[in-house]
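Structure record follows, encoded as C-alpha cells.
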Amino acid sequence: MMATRRGVTQQKLQGLAVAWLWIVAGGATLTGCDSGAVTAMAAAAGASNVGGSPGAGGNATATSGSASGGASNAGTAASDSLAQKYADYFPIGAAVGNWHVDNLSDVLKQDFNHLTCENAMKIQDIHPVEGSFSWAEADRVADFARQNGMKLTGHTLLWHRQAPDWMFAGVTAGDAASLETLKGRLKAHIEAMVDRYADVVDNWDVVNEAISDTAAKQYRDGSEQSRWFELFGSEEYIYWAYKFAKDALEESAAGSSAGKLYYNEYVVTTKADKILKLLAWLKDDKGLKIDGVGFQSHENMTWPSTTDLQVAIDKFKTAGYKVKISELDITVYSDYSMGSFMASPALPFSAELEAKQAKRFADLFALYRKNKDVVTSVTFWGVSDDNTWLDNEPVAGRDDFPLLYNDQHAPKAARAAIMAF
Ligand code: XIL
C-alpha cells in the first residue's frame, strides 16, 4: 500500500515486482507490465532514444480547471457532457471502483456513458476463494451503470496478474487430469461472471495481456509470470477462455455473444502482428472468431505517434476486427527517454505541461474520431488525477497527472481540448 502526497491510498496495489514501463527503441517506446521484462524488452528493442523533446506545445484552450485551477467542481467548461458530445462517435468510458462512486458520481453521470471496474472484476478480487465471491464492489458499479443507462466492460476474465493461487493449486504441467481441474475452475468462474453481469456488460476483456514482451517470442509464458501458459504448456488456455465465455453468453441468450468478445493488450502498436497471429490461430485453427482488440493506451506525451496508431488500427480493421481504446491515460513522465529505465523526477503539474497534455489528448481523439467506423469505445483509466494507478507505477509514490480532471475534481485543459471539434 502506497500513499502519495495527496493522501490517496492506492487500493490493491499488487506485486511490487510489477512496473509499468516505457522502453524506447529507435523511435518506438514499448510500454510493458512486468519489471522482469525490462531487460529482455530493452535488449530485443535495441533501445536508443525516445524523443524527449517537449513537442509542439499547446495551443489548447485552458479552462477553469487549468493547472492553477482553483475550481472545486466542474465549471462552465464542463457544463456540456463529454459522452453526449461523442454520441455520434463512440461511448466514453471510465475505469472506476467504490471510490469513484463515492467521490465523483456527478462527474461520472455527466461525462461518461460506459464504465469498467478498475479492479473489482479481476478474479482475485471478485473470486478470492474457490466458489466464494466478493460481489459487492462490482455489483455497486454495475448497479450505478444500470441506473444511469450505461454499459460496462467486463474486465477481465483471464489475466496472469491478480489471479488467485487457489485457481492453480494442485495443477501440474503435463498432467492431463489436473489440467481438467484448472479448466473446470476457469469455466465455473466465467459462467458465474456472465450469469451475474451479462445484462449490463456489452463487451468482455476475455483475455488480457497474453502476448510476450520479448520481440522474438509470441506468447507470455512462465518466465513472464503466466501460470496459465506454464500449466497448459501452450496457448491453448486462451482458446478455452473464449470458448467458455462464448458458450456462457450463448447459454444466457442465443446470439448474445455477438460483438462482445475482446482481446486486451498494451503497446499494441508494437504487438499488432503478434496479436493478429493469435486472432488467426483462434479463427482458423480453433474455429472461434472473436470481435475486437482493446488498445490499453497507457500513452506518454509523445509515444506512440498517431501515425503508428493508425497503422495498427488499419491492420485490425482489414482483418475484420473492431478496436476499442480500453485504458487511456497520458503520463507526464518519460522514464525511458534515455533508452533504459531512469525514473524521471517528480514534476509539478505546470500550465505548460497541462497545455502540452491537452494537445496530445486532442490529437489522439481526432484520430479516434477519424476511425469511428471501427472504434467501439474509448475508456479512460480513471477520472481524476488524485486517484490514478500511475502514482505508483512505475515509480512508487510519485504523483502523475494523466487524466481529464485535476486533484480538485475540476476539468483540466485536456477536457476542453477533446470537446473542441
Ligand atoms: C491496474 C489497476 O489500475 C491498479 O489499481 C492495480 O493495482 C493493478 O492493475 N493493465 C490492465 C489493468 O489491464 O487491469 C491494470 O489496472 C493496468 C494495466
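If a residue must be more than 16 Å from the ligand (Cβ to nearest atom), open to solvent by 10 Å² or more (accessible area, probe 1.4 Å) and either within 17 Å of ALA343 (Cβ to Cβ) or not charged (D, E, K, R) (or both), how many such residues does segment 372-399 contain?
Quick first cut of segment 372-399, residues more than 16 Å from the ligand (Cβ to nearest atom) only: 372-376.
Subset that is open to solvent by 10 Å² or more (accessible area, probe 1.4 Å): 372-373, 376.
Now drop any that are not either within 17 Å of ALA343 (Cβ to Cβ) or not charged (D, E, K, R) (or both), which leaves 376.
Total satisfying the criteria: 1.
Among the residues of segment 314-328, which ones are in contact with a helix residue (DSSP H, G or I) (Cβ under 8 Å, 6 or more places away or on another chain) and not aromatic (Phe, Trp, Tyr)?
Result: LYS315, ALA319, LYS322, VAL323, ILE325, LEU328.
Considering only residues that are among the basic types (Lys, Arg) and either in contact with a His (Cβ under 7 Å, 6 or more places away or on another chain) or assigned to a helix (DSSP H, G or I) (or both), which ones fall in segment 358-409?
Keep residues of segment 358-409 that are among the basic types (Lys, Arg), which gives 359-360, 369-370, 372, 398.
The answer is LYS359, ARG360, ARG369, LYS370.
Answer with yes or no whether ALA343 is of a type in the set (Gly, Ala, Ser) and farther than 16 Å from THR269 by Cα.
Criteria met by ALA343.
Give segment 149-180 a look and list any residue that's open to solvent by 60 Å² or more (accessible area, probe 1.4 Å) and either more than 27 Å from the chain's Cα centre (by Cα) or farther than 21 Å from PRO128 by Cβ (or both), or say none. Outline the logic, then answer.
Keep residues of segment 149-180 that are open to solvent by 60 Å² or more (accessible area, probe 1.4 Å), which gives 149, 151, 165, 170, 172, 174-177, 180.
Answer for segment 149-180, where residues must be open to solvent by 60 Å² or more (accessible area, probe 1.4 Å) and either more than 27 Å from the chain's Cα centre (by Cα) or farther than 21 Å from PRO128 by Cβ (or both): GLY149, LYS151, GLY170, THR172, GLY174, ASP175, ALA176, ALA177, GLU180.
Evaluate segment 344-358: report whether one residue or more is within 18 Å of ASP111 (Cβ to Cβ), within 16 Å of the ligand (Cβ to nearest atom) and either among the acidic types (Asp, Glu) or modelled with pLDDT of 95 or more (or both).
No, segment 344-358 has no match at all.
So, restricting to helices (runs of 4 or more DSSP H) that lie completely within segment 88-132, which ones have at least 3 residues that are closer than 20 Å to PRO402 by Cα and more than 16 Å from the ligand (Cβ to nearest atom)? Working first, answer last.
Values: elements: 98-103, 105-111, 123-126.
Output list reads 105-111.
Would you mind telling me which numbered condition in (1) open to solvent by 20 Å² or more (accessible area, probe 1.4 Å); (2) in contact with a Ser or Thr (Cβ under 9 Å, 6 or more places away or on another chain); (3) within 16 Å of the ligand (Cβ to nearest atom) PRO402 fails?
Just one mismatch for PRO402, condition (1).
Restricting to segment 330-356, name every residue that is among the aliphatic types (A, V, I, L, M) and over 19 Å from VAL383 (Cα atoms). Steps first, answer last, please.
Of the residues in segment 330-356, the ones among the aliphatic types (A, V, I, L, M) are 330, 332, 338, 342-343, 346-347, 351, 353, 355.
Passing the criteria: MET338, MET342, ALA343, ALA346, LEU347, ALA351.
If I filter segment 67-83 for residues that are open to solvent by 20 Å² or more (accessible area, probe 1.4 Å) and either at pLDDT 95 or above or under 25 Å from ASP247 (Cα atoms) (or both), do I get at least one hit?
The answer is no, given that none of the residues of segment 67-83 is open to solvent by 20 Å² or more (accessible area, probe 1.4 Å) and either at pLDDT 95 or above or under 25 Å from ASP247 (Cα atoms) (or both).
Considering (1) assigned to a loop (DSSP other than H, G, I, E, B); (2) open to solvent by 10 Å² or more (accessible area, probe 1.4 Å); (3) over 16 Å from MET301 (Cα atoms), say which one MET338 fails and leave the rest.
(3)
So in segment 294-335, with the set limited to residues that are among the basic types (Lys, Arg) and in a helix (DSSP H, G or I), which one is nearest to PRO91 (Cα to Cα)? Even if it seems obvious, please write down each step before you answer.
So the first thing to find is which residues in segment 294-335 are among the basic types (Lys, Arg), and the list is 315, 317, 322, 324.
Next cut, in a helix (DSSP H, G or I) only: 315, 317.
Details: LYS315: 22, LYS317: 19 Å.
Filtering segment 294-335 for residues that are among the basic types (Lys, Arg) and in a helix (DSSP H, G or I), the one nearest to PRO91 (Cα to Cα) comes out as LYS317.
Could you check how many residues of segment 111-132 are surrounded by fewer than 17 Cβ atoms within 10 Å (Cβ to Cβ) and either touching a residue at least 40 places away in the same chain (Cβ under 8 Å) or in contact with a helix residue (DSSP H, G or I) (Cβ under 9 Å, 6 or more places away or on another chain) (or both)? Reasoning before the result, please.
Taking segment 111-132 as the starting set, the residues that turn out to be surrounded by fewer than 17 Cβ atoms within 10 Å (Cβ to Cβ) are 128-132.
In the following step, the residues that additionally are either touching a residue at least 40 places away in the same chain (Cβ under 8 Å) or in contact with a helix residue (DSSP H, G or I) (Cβ under 9 Å, 6 or more places away or on another chain) (or both) were identified as 128-131.
Of the residues in that region, 4 qualify.
The values are calculated or read from the model by the stated rules, or taken from the named source; none is laboratory data. Quantities reported herein were computed from a predicted structural model and do not represent experimental measurements. Ideal geometry is used to build each Cβ from the backbone, glycine not excepted, and the neighbour counts take in all protein chains shown. For the accessible areas, the whole protein counts, side chains as well, though only heavy atoms, and no ligand, DNA or RNA atoms are used. Shrake-Rupley method; radii C 1.70, N 1.55, O 1.52, S 1.80 Å.
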